[in-house]
Every structure is written in structure tokens, then in C-alpha cells.
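One structure is given here, and the rest of the page talks about it.
The values are calculated or read from the model by the stated rules, or taken from the named source; none is laboratory data. No experiment lies behind these values; they were computed from the predicted model shown. Here the Cβ is made from the backbone with ideal geometry for all residues, glycine too, and neighbour counts use every protein chain on show. What goes into the accessible areas is simple: the full protein's heavy atoms, side chains included, and nothing from ligands, DNA or RNA. Shrake-Rupley method; radii C 1.70, N 1.55, O 1.52, S 1.80 Å.
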Amino acid sequence: MTLLEKTPARPSGRVRFGALLALVVLAAGLALAWWIITQPPRIERRPPPPTPAPVVDVTTVTERVQAPVLTGFGRVEAEKSAMLASRVAGQLERFAPGVVPGAVVEQGAPLAYIDRADLELALRDAEAQLSNARAVVALEQAEQERARGDYARFGQELSAERRALVLREPQLRQAQAQLTQAEVVRDQAALNLERATLTAPWRAMVAERTVGAGSLLSQGTEVLSLVGVEQFWVRASLPGDTLSWLEPGDEVTLTSQSWAADEQREGTLVSILPSLEENGLQAQLLIGVDDPLALDGEGPSLRLGDVLRLRYHTTARRPLIALPSAALRPGERVWWLDDEDRLQSSTVTLAYRGEEQALVSDGLEEGQRVVTAGLAQPRVGQQVRPRSPADTPAQSEEAP
């Protein structure tokens, strides 16, 4: 036995088979991966869900005799005011007690006093002149009686002109004319003395004192500014197309932001003025409010210059259908629902259109369900669903 032994040789056929098998497996894996990558994804195609019908707000219309609710704003102004001026010259002595701005004075109440001394002297002088004129007339009448006796004893008939001169008829007429002038001067002096006391021409509120006590007045000097308190006017404006619903005598309810929420006053439409307002060309109206300062009754008082909100009580004239103004589309078009809740369209004739309400005279029938909100792009025949109490409120969207 030799020291070195030969190692047996490995079979080369088995090695080649294993390597070949590994290559086959690798190639198969790569081919499978390539096939998976290159295959398009498979999506299950399902029919789209049906689009839900839009939810709309509807109102069922009714026809009845009614008139529009007309509202607007107006500014309070005086029905009558005056600047009380002095009718005689003199010094303003004093004002009557309580005659201050904001005070209410009764008709005929004294308001201010002018110094009477000069006026009393003028009256005494006028009375003296009147007495003298009366004496002249009496003397002239006596002279005429004497001349009449002389003429009778003369026994000769004279012409009418000569006879009038003999009987002093012109002298008597002159004396009587001077008497009349003296009476006028006396009456004027008495009237001036009476006018030294300024009185209220009607029940009024003192708005302002224009001069102070002690001022020297000339004839026509303004002393007091007065505002009548029997009635105030509210000058308002409305679009011209609403005038057919109004008539003088209609009642008007007035409210103000400065009053309590439940306070209001009632007025009467006095007249519709013939001129239009310069800004906006709207018609102008006058509303009268009696006892505006609530001196004889209850309620809030009106203040000159205040802006009031007005609600006119118009008179119903004919059967009409009322709609919210939001239900009207451009071109006076209205969308309504048929028996299958599908949209239909009609063009209506309006008797009135305001910010919140419209009155339809033709184009709708009683009982129709009119869409008031919820339409975006409506079309005839479109299926919709009237809103139920469980749905959220819709916002009005204007459609073409």
C-alpha cells in the first residue's frame, strides 16, 4: 500500500444538470414577472349610480282679493311754522314766563312784551286829535244850521252850487273827513298798543329765540320761531308704478329705530305731490300725523328731521296671486311642478313687484306648486323633489 492515495474524481454530468435547472427556473421567474408587469389591470365595470333629483322649495299658490304691502321711508317736517316778528317798533321788554325753546304754548297765549310807553303816548295824542275833530264837526254843524236859517229868511232861490256854498256843505264834509282821519289814527294807535304783546297764532312749540330781551326792534324784526304741534307731515317717496294702489285718505303705519319695538304711530296719506323727486325720479307723498308730540294721547313722539319707516295700508281691488319675489326669474318667468314633480315654466303678468312680494294677475292658476328656491340650471321636464321638513333649507339661486 502506497503512502499517497488518489482522490476519487466527481461526476461532471450532475454539476451541469443542476446549473441548467437553475437557469431554467430563473428564466421562468423572469418570464412570469414580465408577463405580470405587462398585463393591464382588470377593473370591474359597474353602471354609475343614478343622480338624485334636486331638492327645491315650493309654495302652493292661492288667488284672493288682495293688495301689495307697500313700505318706504320718510322724513318728518313741520306742517306749519312761522317766524313771529314785531309789528311795531320798540324795545323788547321781556319774554313771557316759560317761553323757552321746546316749550308748548297755547293759541293766543302771550309770548313777548314790547315797551308800551311810546305807544301809549301815541294813543293819547290820537285820542286828543279825535276829540278836536269831533268838536270841529259839531261847530260846523252849528254854522250850517245858522246858515240854513239865514237862507230861509233871505227868501230868494239860488242855484244848487250857490246854495251849497251858502249852507256851508263843503266845510261840513271837510270837517267830517278830518274826523274820519282822526278815528283811523286813534284806531291804529290802539292797535299798535295791542300789538306790543306778541301772542301765539296757534298752538305751537317754541323752536328758537332769535333776539334777546332788551333788544331794540324795528317793524318786522323776527323775535321767535314757532312750529305748529297739531299736525306734522312726513314727506316720503315711492316708485311711480305704485301710485295706482294709493289714494288720499289711506292709513299709514309709522315706526322708527329710536322707538321701542312695539311702538308705532298712525298717519293718513294727505296728498300725492305733482312733482317727482330729483334723485331717482320717484313720486313724493305727504303723510299727516295728528298730535305728533303725543301731548293729548299716548305713544312715541315725532321729532322734526327724523327718518321713519312707513307701511301703507292699500285697498284690495281684484283677485291676485301672491308670490315671493325670489320665485320670479328674468323675463317674469316662473317655474312650477306638475303632478309628477317635473319642472314646467310659465311667463306671468305682474300687477305689482316689490323687494319681498310680487302679485300675479295672469299666467298662474290657483293650486299650482311654484318653485321658490333650489334651482340652479333648470330645464323643462327635469325631475325634482319638493323639500321635506327633514331637508336642510335651500338658498335661492337665480336661473337664466
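For segment 175-194, residues that are under 53 Å from the mean Cα position of the chain (by Cα), surrounded by 15 or more Cβ atoms within 10 Å (Cβ to Cβ) and among the aliphatic types (A, V, I, L, M) total 4. When residue 356 is tested against (1) open to solvent by less than 70 Å² (accessible area, probe 1.4 Å); (2) modelled with pLDDT under 90; (3) under 30 Å from residue 245 (Cα atoms), exactly one condition is not met: (1). Can you pull out every residue in segment 41-97 that is polar (S, T, N, Q) and assigned to a strand (DSSP E or B)? Result: 59, 60, 66, 71, 81, 91.
When segment 300-323 is filtered for residues that are surrounded by 14 or more Cβ atoms within 10 Å (Cβ to Cβ), out of contact with any Phe, Trp or Tyr (no Cβ under 7 Å at 6 or more places or on another chain) and either within 16 Å of residue 354 (Cα to Cα) or modelled with pLDDT under 90 (or both), the ones remaining, listed by number, are 311, 312, 313, 320, 321, 322, 323. Among the residues of segment 297-308, those identified as touching a residue at least 60 places away in the same chain (Cβ under 8 Å) and over 21 Å from residue 248 (Cβ atoms) are 303, 304, 305, 306, 307. Checking the structure you have, find out if any residue of segment 236-244 is open to solvent by 80 Å² or more (accessible area, probe 1.4 Å), in contact with a Ser or Thr (Cβ under 7 Å, 6 or more places away or on another chain) and at pLDDT below 95. Among the residues of segment 236-244, not one is open to solvent by 80 Å² or more (accessible area, probe 1.4 Å), in contact with a Ser or Thr (Cβ under 7 Å, 6 or more places away or on another chain) and at pLDDT below 95, which makes the answer no. Looking at 373, 327, just one residue is closer than 17 Å to residue 59 by Cα and either more than 28 Å from the chain's Cα centre (by Cα) or among the hydroxyl-bearing types (Ser, Thr, Tyr) (or both), and that residue is 373. Of the strands (runs of 3 or more DSSP E) lying entirely inside segment 132-230, those carrying at least 2 residues that are at pLDDT 90 or above and of a type in the set (A, V, I, L, M, F, W, C) are 204-209, 222-228. Being over 16 Å from the mean Cα position of the chain (by Cα) and in a strand (DSSP E or B): is that true of residue 321 here? Criteria met by residue 321.
Determine which single condition residue 375 fails, assuming it passes every other condition in (1) assigned to a loop (DSSP other than H, G, I, E, B); (2) aliphatic (A, V, I, L, M); (3) out of contact with any Asp or Glu (no Cβ under 7 Å at 6 or more places or on another chain). Exception for residue 375: condition (3). Is it the case, given these coordinates, that residue 197 is among the hydroxyl-bearing types (Ser, Thr, Tyr), surrounded by 14 or more Cβ atoms within 10 Å (Cβ to Cβ), within 23 Å of residue 120 (Cα to Cα) and in contact (Cβ under 8 Å) with a residue 24 or more places away in the chain? Yes. For the criterion of being in contact with a Leu (Cβ under 7 Å, 6 or more places away or on another chain) and either modelled with pLDDT of 90 or more or farther than 28 Å from residue 368 by Cα (or both), residue 249 passes.
Against the test of being part of a loop (DSSP other than H, G, I, E, B) and of a type in the set (A, V, I, L, M, F, W, C), the options 326, 351, 294 yield a single qualifying residue, 294. Restricted to segment 329-348, and to residues there that are open to solvent by less than 50 Å² (accessible area, probe 1.4 Å) and not in a strand (DSSP E or B), the residue that is nearest to residue 240 (Cα to Cα) is 348. If the condition is being over 30 Å from residue 311 (Cα atoms) and of a type in the set (Phe, Trp, Tyr), then segment 191-236 contributes only 202.
Within the set of pairs 6+ apart or on separate chains, which have a first residue in segment 113-134 that is farther than 18 Å from residue 92 by Cβ, a second that is hydrophobic (A, V, I, L, M, F, W, C) and open to solvent by 60 Å² or more (accessible area, probe 1.4 Å), and C-beta atoms under 7 Å apart? Hits for this filter: 126/185; 129/185.
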